[in-house]
There are 2 protein chains.
Amino acid sequence: MVKVKVVEQVTKANDQIASENQALLDVNKTFAVNLMASPGAGKTSLLMRTVEALRGRLRMGAIEGDTASQVDADRVATTGIPVVQINTGGGCRLDANMVRPALKELPLEELDLLLIENVGNLVCPAGMALGQHVDVVIASVPEGDDKPYKYPGIFLGVDAVVVNKTDLLPYLDFDMPAFRELIAGMNPRARLFEVSCKTGEGIEAWADWLAGQCSKKS
Amino acid sequence: MVKVKVVEQVTKANDQIASENQALLDVNKTFAVNLMASPGAGKTSLLMRTVEALRGRLRMGAIEGDTASQVDADRVATTGIPVVQINTGGGCRLDANMVRPALKELPLEELDLLLIENVGNLVCPAGMALGQHVDVVIASVPEGDDKPYKYPGIFLGVDAVVVNKTDLLPYLDFDMPAFRELIAGMNPRARLFEVSCKTGEGIEAWADWLAGQCSKKS
């Protein structure tokens, strides 16, 4: 009973801070996307491809979440956009309270789009509000086409599913039509994009959708 | 303060139950291995390859952990070994209290080796005792060679690291010597195995090591 009570309090406190984060983003007309995925599915690669695709159209910034290290933040910094690293110290996801100080360190008034890369995890980040406007999960071809069955919490709640590493389709047994059907059944409102961050294939459609979401909001 | 106190209580209670689980396994001379990995790294595939490699040498059983579904348990059941599914109901890892009733459902006195497949997650299962004798993390080539930097908690605590999907090495930029060096530096006691569950390459060395651990214990 004690445990449940604490979890409820934590979630409620998080939602309150997440609302404040979103209000701060809205005042600055900054649209935020929460990128979630397994470790190694390609969150950083998609983020960098997105920056490349939308450069000149939108002013962008990033928050990089990891349990440890700043490998990803260093990679993203090479694109020239402002980036803030959050190390969760072993924590399995970002929360609104971690994102709050990171927002203060970013020049929000100069940003149209904030890309938030969550910790690599298909369980913990689901349903944890940060202040974002849209949620996206990246699946990847080598992980297999059965992940939505096993991690329904995350696939049910997102606005878009990006399937990355399509360049590996010839070497793997990933049934794309079955995956598409599964997502359509579980979460009909989710858009599905097939991309290869390695070759760049499919990135334009994804980036156009994201820019569209961003402009609808502002 | 309240949060920390509850977490400590939970961990302590878990350790107590884990000790009881291990005592039950020891009485039955059953050796237990905890298989951890990202979603889609190949936990179920490695488990099935291990059963195939050690059939006739060891009597095996399995516990399958997932947030939802019984896709994996159904796959493992096709091997003919006894298998118990644990659905965590959204929980990001197994704990000792979930494993306890599963042990009661298995014919432990007839099992030499119990393969426990944890929930796909590189953060939460780290350091959570279940009653197992050895911990193993499966990395996979498509995830990239930088995962130990980002998820040190799990790589620091294991007895072995299995790198799966080596058949994909020709198509990806995974620096195996660098990965080997990184593991040797972080966790010198961990054995490293390179395998392809698709082709079967490297499975024998891994299975031999596991059987050796099992016989050392009994």
* In debye to the nearest 20, how big a dipole does the range A:111-183 give about its Cα centre with +1 on each Lys and Arg Cβ and -1 on each Asp and Glu Cβ? -> 140
* Of A:Leu122, A:Gln85, A:Ala96, which is farthest along the charge dipole of the range A:1-126 in the positive direction, counting Lys and Arg as +1 and Asp and Glu as -1 at C-beta? -> A:Leu122
* the protein assembly as shown: Rg/Rh from Cα coordinates, Kirkwood Rh? -> 0.97
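Quick check: residue separation of B:Ala23 and B:Arg180 times 0.36 nm, minus the Cα distance between them. What number comes out in nm?
53.1 nm
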* What Cys residues in chain B are without a partner cysteine, judged by a Cβ distance under 4.7 Å? -> B:Cys197, B:Cys214
* Charge dipole (the range B:37-77, unit charges on Cβ, about Cα centre) - positive-most of B:Ser45, B:Ala73, B:Leu58 -> B:Leu58
* Asked: Which one of B:Ser215, B:Ala178, B:Ile154 has its Cα pushed farthest toward the positive end of the charge dipole of the range B:115-217, where Lys and Arg give +1 and Asp and Glu give -1 at the Cβ?
  -> B:Ser215
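In whole percent, what relative contact order does chain B give with Cα contacts below 8 Å and a gap of six or more residues?
Value for chain B: 25 percent.
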* Asked: In what sequence, highest mean first, do A:99-111, A:61-73, B:38-50, B:94-106 appear when ranked by Cβ atoms within 10 angstrom?
  -> B:38-50, A:61-73, B:94-106, A:99-111
* Could you give the distance between the Cα centres of the range B:48-106 and the range B:122-152, to the whole Å? -> 18
* Structure fact -> For the rotation taking chain B to chain A, the chain B residue with the nearest C-beta to the axis, plus the distance in whole Å, reads B:Pro142, 2
* Amide H of A:Ile63: which non-local residues (sequence gap of 5 or more, or other chain) have their own amide H closer than 5 Å, using H built in the peptide plane? -> A:Val84, A:Leu115, A:Ile116, A:Glu117
* Under 5 Å between amide H atoms, partner at least 5 residues away or on a different chain: which partners does A:Val163 have, H built in plane at 1.01 Å? -> A:Ala139, A:Phe193, A:Glu194, A:Val195
* Quick one: what are the phi-derived ³J(HN,Hα) couplings along the range B:161-174, Karplus 6.51/-1.76/1.60 with θ = phi - 60°, whole Hz, x for glycine and proline? => 10, 10, 9, 9, 6, 5, 5, 8, 3, x, 9, 9, 9, 10
* Could you size up the charge dipole of chain A around its Cα centre, putting +1 on the beta carbon of Lys and Arg and -1 on that of Asp and Glu, and report it in debye to the nearest 20? => 420
* 3J(HN,Hα) from dihedral phi, the range A:32-39, Karplus parametrisation 6.51/-1.76/1.60, rounded to Hz, x for glycine, proline -> 10, 10, 9, 9, 10, 4, 4, x
* For B:51-61, what's the mean count of beta carbons from other chains sitting within 10 Å of each residue's beta carbon? -> 0
* Asked: Using a simple charge model, +1 on the beta-carbon of Lys and Arg, -1 on the beta-carbon of Asp and Glu, nothing else, what dipole does the range B:43-152 show about its Cα centre, in debye to the nearest 20?
  -> 80
* Computed Rg/Rh of the range B:30-73, alpha carbon atoms with Kirkwood Rh -> 0.96
* What are the distances, in nm and sorted shortest first, from the label point of A:Glu52 to the label points of the same position in each other copy, with each label point placed 7 Å from Cα along the Cα-to-Cβ direction? -> 3.7
* Comparing A:Leu169, A:Leu54, A:Leu130, which has the greatest mean-square fluctuation in the GNM of chain A with Cα pairs linked when under 10 Å apart? -> A:Leu169
* Asked: Based on the Cα gyration tensor of chain B, what are the three equivalent ellipsoid semi-axes, each the root of five times an eigenvalue, rounded to whole Å and given largest first?
  -> 25, 22, 16
* Asked: Residue-wise, which Karplus ³J(HN,Hα) couplings in Hz belong to the range A:65-72, taking 6.51 cos²θ - 1.76 cosθ + 1.60, θ = phi - 60°, and x for glycine or proline?
  -> x, 8, 5, 7, 6, 10, 4, 5
* Return the ratio Rg/(2.2 N^0.38 Å) for the range A:108-218, where Rg is computed over Cα atoms only. => 1.09
* To do: Mind checking which lysines have their Cα closer than 27 Å to the Cα of B:Lys147? Skip sequence neighbours fewer than 8 apart in that chain.
  => A:Lys43, A:Lys147, A:Lys150, A:Lys165, A:Lys198, B:Lys43, B:Lys165, B:Lys198
* Structure fact -> Sorted by chain and number, the residues with a modelled amide H under 5 Å from that of B:Asp145, at a separation of 5 or more or across chains, are B:Asp175
* Structure fact -> Averaged over the residues of B:141-153, the number of partner chain Cβ atoms within 10 Å of each residue's own Cβ comes to 6
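Values in this text are rule-based calculations from the coordinates and carry no lab data. For clarity, every value in this text was computed on a predicted model and none was experimentally measured. Neighbour counts run over all protein chains shown; Cβ positions are idealised from the backbone, glycine included.
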